[in-house]
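Notes follow once the structure below has been shown.
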Amino acid sequence: MTDRRSTRISSRKQPRQVRSAGLVAAILEAAVQVLAKEGAQRFTTARVAEKAGVSIGSLYQYFPNKAAILFRLQSDEWRQTTALLRGILEDAGTPPLERLRTVVRAFIRSECEEAAMRVALNDAAPLYRDVPEAQEAKAAGDGIVEAFMREALPDAPEATRALAGDLLTTTLGEVGRRFSEVPRTPAEIEAYADAMAAMFCAYLRSLGGG
């Protein structure tokens, strides 16, 4: 059995010229289309190369295998989520609970807008889930929620803040994923997000947040 922790998922090299960057962008765009159409089980480097209109050799210059492509798509998604959290939760000019409402609404909308891709990437996760690069990429945004909880719950014990942060991120991820698995109207998304935001805000108030 192959040890997935030893699977190579890092890019072979980084594009240094405009043409190379364009090639990588074309490969990743093709990968998104192939993944959305074929799903994780039928996703192959050959299909991606064909869709991108490049040779398989050109693809392998940057991605050693399909796990590397899928991990790049997933890590890009993680970076986007981290940027979303940072942009909202670190806005010191806005009251903490208002920031919390905003981030919940934005997250749920994002989950629904990109549901097909997220489902496919979740199916592909066993290919790279246990490798060190994946753990590092996924952990990159953990400190953002921790810092927010210190601000929102300044008088709460550290263990309470840690529990609140874990509850927030776990619930958002799991419930958001399940809610977005079926098509939703804008009105449904707004109502669901508002209800979830109200639930979180009530919870933080109960812990002394305001």
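The values are calculated or read from the model by the stated rules, or taken from the named source; none is laboratory data. Remember, predicted model here, so these are calculated numbers, not experimental data. Cβ atoms come from the backbone with ideal geometry, glycine included; neighbour counts cover every protein chain shown. Just so you know, the surface numbers come from the protein's heavy atoms only, side chains and all, with ligands and any DNA or RNA stripped out. Shrake-Rupley method; radii C 1.70, N 1.55, O 1.52, S 1.80 Å.
Consider Ser20 carefully, then state whether it is at pLDDT below 90, crowded, with 17+ Cβ neighbours inside 10 Å, of a type in the set (S, T, N, Q) and not in a loop (DSSP other than H, G, I, E, B). Spelling it out, it is not the case that Ser20 is at pLDDT below 90, crowded, with 17+ Cβ neighbours inside 10 Å, of a type in the set (S, T, N, Q) and not in a loop (DSSP other than H, G, I, E, B). Reported count of residues in region 85-115, each being surrounded by fewer than 17 Cβ atoms within 10 Å (Cβ to Cβ), in contact with a Ser or Thr (Cβ under 9 Å, 6 or more places away or on another chain) and closer than 30 Å to Glu38 by Cα, is 2. Checking the structure you have, find out if any residue of region 60-70 is open to solvent by 20 Å² or more (accessible area, probe 1.4 Å) and within 16 Å of the chain's Cα centre (by Cα). Checked against the condition, which is being open to solvent by 20 Å² or more (accessible area, probe 1.4 Å) and within 16 Å of the chain's Cα centre (by Cα), region 60-70 yields no hits at all.
From Gly165, Gly143, which residue is open to solvent by less than 70 Å² (accessible area, probe 1.4 Å), modelled with pLDDT under 90 and within 23 Å of Ile108 (Cβ to Cβ)? Step through it out loud before you land on a result.
On the way: Gly165 fails: modelled with pLDDT under 90.
The match here is Gly143.
Here Leu163 passes the criteria (1) farther than 18 Å from Ser206 by Cα; (2) among the hydrophobic types (A, V, I, L, M, F, W, C); (3) without any contact (Cβ under 8 Å) to a residue 12 or more places away in the chain except the one numbered (1).
When Leu167, Leu163 are screened for being of a type outside the set (Phe, Trp, Tyr), touching a Phe, Trp or Tyr at 6+ places or on another chain (Cβ under 9 Å) and in a helix (DSSP H, G or I), only Leu167 passes.
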